Amino acid sequence: MFDAAPGGWLYHLNPLTKLSVSLAFILLAFLLPSPLVSLGLFCLAILPLSLWGGITLPMLNACLRLVAPAAGVLLVVQGLFYPGGQTAALRAGPLVFWQEGLAYAGLISVRLLIMVSAFSILLATTPPAKLAMALQQAGLPATFAYVLAAALQLLPEARQRALVILKAQRARGLRVSGSLLARARAVLPLVVPMISSTLVMAEERAVALELRAFRSGVKPTTYYEIEDAGVERTVRWLCGLLVLAAGIYRLWL
Amino acid sequence: MKLLNSIKKDFNTVTFALIPLAIVINLAIGYLVSVLALPIFLDSIGTVLVAVICGPWAGLATGLLSNAVGGILLDPFFFPFAPVAAVIGFVAGWLATAGFFRSWWKAALAGVIITVGVVIVAAPIRLIVFGGITPNSVGAITSLLVASGQSLISSVLTATTLSNVVDKVVTALVVFGILKGFPRRTLGRFPRSENVI
């Protein structure tokens, strides 16, 4: 969804720092009970951070595409049908929007907004491969780091290939539009070749991996060393402490 | 210790080679089905495939990592549903060990049982993270049920069941059919090939 081009100071941070900050924002939004506090978190922390990093536009674009439709449906459904509705906020003919329902929809929408915008800060400034590499340097076993990196690398290509298969089958006369049944019939000729080729590919890749001492247990060295400044470690600790404090506040106060 | 050893046996090199491809299958077929505008997802074929021929723990890992990759590359709403994907993989693997992928009707039944697991894990996530109304077809069905007078919780449970049962039965049958037609020589390389042979 994002295209993390080099440039800007956020790009050069350790992906783990950005991941911790994003997760901390999201957990805080779920731990803090008031939508206003969460909205403050967005306006006073996430938005300035994105401006500073120069990624406000892609971030807002993601929010508009993902959060706006969800919030719209939530406001209508919860506003009209919230079970504890007492005070009418708006009357439109026979329809009554309840204030309590709108407030609840608002709370959920703000949380979704924080979820998408906080992850945008990480994802819009971090190439996926770099994230996988950072996780490996932080101690993720090399085997699982390979799984993550390979999937991240293969997916864009596979989505293209899926579309090519779709077009090829259409050129041969497969109907992929029309009634539900017609579209359902199109699924198998598209899906089966993809899966069977995968099983064969897995066998070939396993041989290639074994030839390169994939599971030898020796920790592989990396071409790029991801920098991890002392400040960044401190920021990560602070994020953890902040979430812990919010959790304690939520549980005991 | 016995469990740890059996997990180690499941994660051989072929398993590690298959998992990323299965993740890609999940997400690419999910995308294709959304292009065709069909009312199912088919975004866990890869997870179930790994679960059947490599065991429940490999299935669980495939589910979790699929949603991590989807969250990173496609949209962040994949992240909160990672536990659901993990449950699909684990339950499917467990059913396969119990012999559910040896005949087509048992595979269909496995799809139904997987749905039960999905509903148990997905409904609370939908309620807590999305307030019950997710921005997709499940959310649309939920809204419809809420509008017809049902409570939010029962609407979420019904909508999740309805939208998943067909999807998971079709998924299980597709996986069963493909493995059925596969040469034993290829299948034999995977750690739990006895589940389907």
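The values are calculated or read from the model by the stated rules, or taken from the named source; none is laboratory data. Worth saying up front: this structure is predicted, and the values here are computed from it rather than measured. When we count neighbours, we look across all protein chains shown, and the Cβ atoms used for this are built from the backbone with ideal geometry, even at glycine.
Side notes on the structure shown:
- Test result for A:Ser177, within 23 Å of B:Ala61 (Cα to Cα) and either more than 7 Å from chain B (Cβ to nearest Cβ) or touching a Leu at 6+ places or on another chain (Cβ under 7 Å) (or both): no
- Any hit, region B:154-177, residues being in contact with a Gly (Cβ under 6 Å, 6 or more places away or on another chain), within 19 Å of A:Ile108 (Cα to Cα) and not basic (Lys, Arg): yes
- Condition broken by B:Val91, with the remaining ones in (1) crowded, with 20+ Cβ neighbours inside 10 Å; (2) within 14 Å of chain A (Cβ to nearest Cβ) satisfied: (2)
- Qualifying residue in region A:215-224 (condition: surrounded by 10 or more Cβ atoms within 10 Å (Cβ to Cβ), without any contact (Cβ under 8 Å) to a residue 24 or more places away in the chain and closer than 30 Å to B:Lys8 by Cα): yes
- Selection from region B:1-48 of residues that are under 28 Å from A:Gly217 (Cα atoms), assigned to a loop (DSSP other than H, G, I, E, B) and more than 10 Å from every other protein chain (Cβ to nearest Cβ): B:Met1
- Selection status of A:Ala168, part of a helix (DSSP H, G or I) and either surrounded by fewer than 18 Cβ atoms within 10 Å (Cβ to Cβ) or modelled with pLDDT under 90 (or both): yes
- Residue within region A:186-206 that is more than 8 Å from chain B (Cβ to nearest Cβ), more than 26 Å from A:Leu66 (Cβ to Cβ) and not in a helix (DSSP H, G or I) present: no
- Flag if A:Arg236 is under 29 Å from the mean Cα position of the chain (by Cα), at pLDDT 90 or above and of a type in the set (D, E, K, R): yes
- Some residue of region A:122-143 being closer than 21 Å to A:Ala4 by Cβ, facing another protein chain (nearest Cβ under 8 Å), in contact (Cβ under 8 Å) with a residue 24 or more places away in the chain and touching a Cys at 6+ places or on another chain (Cβ under 6 Å): no
- Considering only residues in region A:207-216 that are assigned to a helix (DSSP H, G or I) and among the hydrophobic types (A, V, I, L, M, F, W, C), the one that is nearest to the other protein chains (Cβ to nearest Cβ) turns out to be A:Leu209.
- Among residues of region B:49-78, those that are surrounded by fewer than 24 Cβ atoms within 10 Å (Cβ to Cβ) and not in a helix (DSSP H, G or I), counted: 2
- The condition of being surrounded by 17 or more Cβ atoms within 10 Å (Cβ to Cβ) and within 23 Å of B:Ala61 (Cα to Cα) holds for only one of A:Leu155, A:Leu140, that being A:Leu155.
- The sole residue among B:Phe90, B:Phe182, B:Phe176, B:Phe101 that is assigned to a loop (DSSP other than H, G, I, E, B), touching a residue at least 24 places away in the same chain (Cβ under 8 Å), out of contact with any Lys or Arg (no Cβ under 7 Å at 6 or more places or on another chain) and within 19 Å of B:Ile45 (Cβ to Cβ) is B:Phe101.
- Residue that is nearest to the other protein chains (Cβ to nearest Cβ), among those in region B:152-187 that are basic (Lys, Arg) and more than 19 Å from B:Ile113 (Cβ to Cβ): B:Arg185
- Whenever a residue of region A:52-71 is in a helix (DSSP H, G or I), its partners that are surrounded by fewer than 19 Cβ atoms within 10 Å (Cβ to Cβ), lying with C-beta atoms within less than 7 angstrom and at least six residues away or across chains, give the pairs A:Gly53/A:Gly8; A:Gly53/A:Trp9; A:Ala62/A:Met1; A:Leu66/B:Asp75.
- Note on region B:149-163: residues that are free of Cβ contacts under 8 Å to residues at least 12 places away in the same chain and either under 19 Å from the mean Cα position of the chain (by Cα) or surrounded by 17 or more Cβ atoms within 10 Å (Cβ to Cβ) (or both) total 1.
- Residue match in region A:241-253 (condition: surrounded by 12 or more Cβ atoms within 10 Å (Cβ to Cβ), among the β-branched types (Val, Ile, Thr) and under 25 Å from A:Pro15 (Cβ atoms)): yes
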